[in-house]
Amino acid sequence: MNSFTFTGQPANQCSQWLFEGIRNIFLEHGYTYHSTPEDNIKLVFHVLNSNAPRPYRRKSQGTFVVSIVETETKPQDIHKEAYPYLIRSLANHLMYIVHGEKETQLYFLTPEQGNYSITFDTEKRDEQVFQQIYERLEPLASSKLVIDNDFYKDLPESLWNGDEITQSLGASGKKLDEMNLLPAPFPLEEILSERDIRHLKKLYGIGGLSYGNLSARKDNNSFWMSASGIDKSNMRKIGKDFLYISGYDDQKNTMKVSVPPRITPKRASVDAIEHWMIYQEHPEVGAIVHIHAWMDGIKATEFNYPCGTVELAESVARLVSESKNPSRTVIGLKNHGLTITGRDLDDIFERIEGKIIPQVPMQ
């Protein structure tokens, strides 16, 4: 059963009413409330001290943290004023509460710069706001992460030094790096300090200047993929830069990765589960690229599920299946970026050349 808690105290009677209403709506939908966090708690509403924001220290990778900041000053630029709190608290979501005399506005921000808001009358306090909050947050909080890896030192010796597919991944990694697509649709240095940017890079596992991942099919049951947190412009080592994804264990909820012996491997990208689903359902797909950018005229997922969740993978895989040509399609990930399929990596980069919009439209 899903569980949740609150840390910190509300600043005034309005936020006390708000927090109590959030608590009740989650209880009504079957969540269990804990007055103190348990190790495997699913959802944490973490109230920050705006003068000294500190992260909630997760004891489980599956814990979804919504940081909360309260203010009485209407923001001039919501990203510049609120986004640093999200990064400093290393949260999955930020609820930025702006208390006004006549109305209270709730801004919700995601690490990918997603931004939406809900407004209610401060005096009348329409309780419909709680259902709106629940519908926004619950699908994200209850999503199932697939971020653990099982490493098997059984990679065939003939692949210890790679093959023609890893060579193509290396060349494509340089192309991805040249696109210089960081995980934000505006200059981070205008909003965050150098310390906060380091936090962001740690949160996303960014290595080098480029951001994203790419993979190419090896056979019906396996594919090569760029590892997490590496410099895509300088991919060389098998098990470090290139990972051989050999399957998904749905009982253990882990990705299977084959590596050479006597090596300490890097982790697989959190998007490996999404790539695996697409390759399994569409034998004609030969390569996949994921980038934080956008293109006009594409279909997108309904929810901005966190990366590495089964729900995001299923949403993208379904849209790939519904497209006219699954082997050569572009799918938008709401408030996040693109997943692009192709016959091979060259096919993908040729098709998107000159069509990429660096800024992801936020909803």
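Values in this text are rule-based calculations from the coordinates and carry no lab data. Just so we're clear, the structure is a prediction, and the values are computed from it rather than from any experiment. Because the Cβ atoms are built from the backbone with ideal geometry, glycine has one as well, and the counts that use them run over all protein chains shown.
Before moving on, here are some points about what is shown:
- Two-site label geometry, GLN167 and GLU281: point separation in nm, points 7 Å out along Cα→Cβ: 3.4
- DSSP-assigned coil residues among GluC sites (Glu not before Pro) in region 118-151, each with at most 15 further Cβ atoms within 10 Å: GLU123, GLU127
- Its relative contact order, with pairs defined as Cα atoms under 8 Å and 6+ residues apart, puts the chain at 14 percent.
- Lysines whose Cα lies under 17 Å from that of LYS355, excluding same-chain neighbours fewer than 8 positions away: LYS175, LYS299
- FRET efficiency for GLN128 and SER35, using Cβ-Cβ distance with R0 set to 25 Å, rounded to 0.05: 0.40
- Most mobile of LEU145, LEU18, LEU109 in a GNM of the chain (Cα contacts under 10 Å): LEU18
- Top of GLU274, GLU101, GLU322 by mean-square fluctuation, Gaussian network on the chain, Cα under 10 Å: GLU101
- Straight-distance crosslink candidates among aspartates and glutamates, where the alpha carbon sits under 19 Å from LYS80 and sequence neighbours closer than 8 are dropped: GLU70, GLU72, GLU112, GLU189, GLU190, GLU194, ASP196
- Nearest 10 degrees, 0 to 90: helix 128-141 Cα axis against the chain principal axis: 30
- Restricting region 307-363 to trypsin sites (Lys or Arg not before Pro) in coil, as DSSP defines it, with at most 16 other Cβ within 10 Å: LYS324, ARG343, LYS355
- Relative counts (whole %) of C-alpha pair distances in region 46-169, using bins that are 5 Å wide: 2, 9, 16, 17, 15, 10, 6, 6, 6, 5, 4, 2, 2, 1, 0
- Of all aspartates and glutamates in the structure, those lying under 19 Å Cα to Cα from LYS240, and not within fewer than 8 positions of it along the same chain, are ASP148, ASP150, ASP154, GLU157, ASP163, GLU164, ASP177, ASP231, ASP271.
- The DSSP beta bridges internal to region 148-352 are antiparallel in roughly 75% of cases.
- Over all projection directions, the Cα-based convex hull of region 298-363 averages an area of 4.6 nm².
- Volume per residue for region 286-326 equals 101 cubic angstrom (convex hull of Cα atoms).
- Computed helical MRE - 222 nm, the chain, DSSP H runs ≥ 4 contributing -39500 (n - 2.57), nearest 500: -8500 deg cm²/dmol
- Computed packing ranks the peptides 53-59, 263-269, 87-93 as 87-93, 263-269, 53-59, most packed first, by mean other Cβ atoms within 10 Å.
- Cα Rg over Rh - region 1-47, Kirkwood: 0.97
- Counting only DSSP beta bridges with both residues in the chain, the antiparallel share comes to about 60 percent.
- Projected onto planes of every orientation and averaged, the convex hull of the alpha-carbon atoms in region 237-363 covers 8.6 nm².
- Taking every alpha-carbon pair under 8 Å whose residues sit at least 6 apart, region 3-141 reaches a relative contact order of 20 percent.
- Across region 148-352, the convex hull enclosing all Cα atoms gives 121 Å³ per residue.
- Build a GNM of the chain with springs between Cα atoms under 10 Å apart, and of GLN131, GLN76, GLN167 the one that fluctuates most is GLN76.
- Between the Cα long axis of helix 164-179 and the first principal axis of the chain there is an angle of about 40°, rounded to the nearest 10.
- Over region 250-320, the hull volume per residue, using the convex hull of the C-alpha atoms, is 136 Å³.
- With N counted as the residues of the chain, its alpha-carbon radius of gyration over 2.2 N^0.38 Å works out to 1.03.
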